[in-house]
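Single-structure report; data block below.
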Amino acid sequence: MVEFLQLILSGLAAGSIYALAAVGFTLLWQASQTINFAQGEFVMLPAFFVLVGMTVLGMPMWPSVLFALVLSLLILGVMFKKLIVEPMLPHGTLPLVIATIALGLLMKESVKEFYGATAQPFPPVFPQTVYNIAGASISVQDLGNLAVSMLAIAGLQLFLNRTRTGRCMQATAQNPAVAEILGVNVKRMVMYTFLVNAALATVASVLISPIYLAKFSNGETLGLVAFIAAIVGGFNQIRGALAGGLLIGVIDNLSAVYISAAYRNAVPLILLIVIILVRPQGLLGTSEGRTV
């Protein structure tokens, strides 16, 4: 039982980081019908921005994190929307999907070329202390990651539900034409969504890189897991993305110990197939009507 509870906690900690990336998938889909298959690389890249700030510019860690956040907002938010999404979106969803896949490959290979293929150590955000509570080993890092991720998502929900800008963003996501008639600056709200996604990706990157190290290939796994989490939970609901991320994190941990570490990556895929067959809109998602 002690081992089980320990696995649950560490799974929730990892799953909360997956949820940050999954929420980004959901936000972009709601705001602009954009499926960003470079989302994993969006989580991978800020860690290298932090390392550049520390090793090249000689800044301490937290100023480097702020530096990475600003770069992420500019590159993963503004430039991504202006240079990739806006030119491709009028041509339909498929060309945009292909463009984001190409962008992910470009980002991955660029980091590999300019920073090297070797995994780089990343400074821990929290103390590496492990407490023994009732026989269970509880790390401060897991507790900190879970707390920060939950606070980030809770803060996002409060922003969307309690502020005028947040409500305008939701109106834009629900019906851009009506929102524009009511005086909402739709283009600005969509841009805010891309900026929020970039900020969430930066938080996820800073939290997960001390565990997996900073490596150019990290985006492959992170992007796939986040995409699965978004679909399992419900692609059109933030709470669904959160639930999907936490569920995938826990299932991944339990399957590695109680089934087989060799097949742990297959279990989320099996769950994805089951969810698509039984409840296509996801566990907490809602059906979207489409005219034919």
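The values are calculated or read from the model by the stated rules, or taken from the named source; none is laboratory data. Computed from a predicted model, the values in this text were never measured in an experiment. Using ideal geometry, Cβ is built from the backbone for each residue, glycine included, and neighbour counts are taken over all protein chains shown.
Quick notes
- LEU94, sole failed condition from (1) surrounded by 12 or more Cβ atoms within 10 Å (Cβ to Cβ); (2) aliphatic (A, V, I, L, M); (3) part of a helix (DSSP H, G or I): (1)
- For the stretch 33-63, filtered to residues that are in contact with a Phe, Trp or Tyr (Cβ under 7 Å, 6 or more places away or on another chain) and outside any helix (DSSP H, G or I), the residue that is surrounded by the most Cβ atoms within 10 Å (Cβ to Cβ) is ASN36.
- Across the stretch 248-256, not a single residue is classified as over 25 Å from GLN6 (Cα atoms) and among the small types (Gly, Ala, Ser).
- Residue ID - surrounded by the fewest Cβ atoms within 10 Å (Cβ to Cβ), chosen from residues in the stretch 214-232 that are outside any strand (DSSP E or B) and small (Gly, Ala, Ser): SER217
- Some residue of the stretch 190-205 being surrounded by fewer than 20 Cβ atoms within 10 Å (Cβ to Cβ) and not in a helix (DSSP H, G or I): no
- Residue that is surrounded by the most Cβ atoms within 10 Å (Cβ to Cβ) [pool: residues in the stretch 97-125 that are assigned to a helix (DSSP H, G or I) and modelled with pLDDT under 90]: TYR115
- Of all residues making up the stretch 78-110, the number that are in contact with a Gly (Cβ under 9 Å, 6 or more places away or on another chain) and among the β-branched types (Val, Ile, Thr): 0
- The requirement of being at pLDDT below 90 and assigned to a helix (DSSP H, G or I) is not satisfied by ALA154.
- Flag if ALA136 is of a type in the set (A, V, I, L, M, F, W, C), touching a residue at least 12 places away in the same chain (Cβ under 8 Å) and either surrounded by fewer than 18 Cβ atoms within 10 Å (Cβ to Cβ) or over 21 Å from ALA31 (Cβ atoms) (or both): yes
- When ALA136, ALA147, ALA117 are screened for being under 19 Å from the mean Cα position of the chain (by Cα) and of a type outside the set (Val, Ile, Thr), only ALA147 passes.
- Leading residue by the ranking (modelled with the lowest pLDDT) among those in the stretch 258-279 that are assigned to a loop (DSSP other than H, G, I, E, B) and loosely packed, with under 14 Cβ neighbours inside 10 Å: SER260
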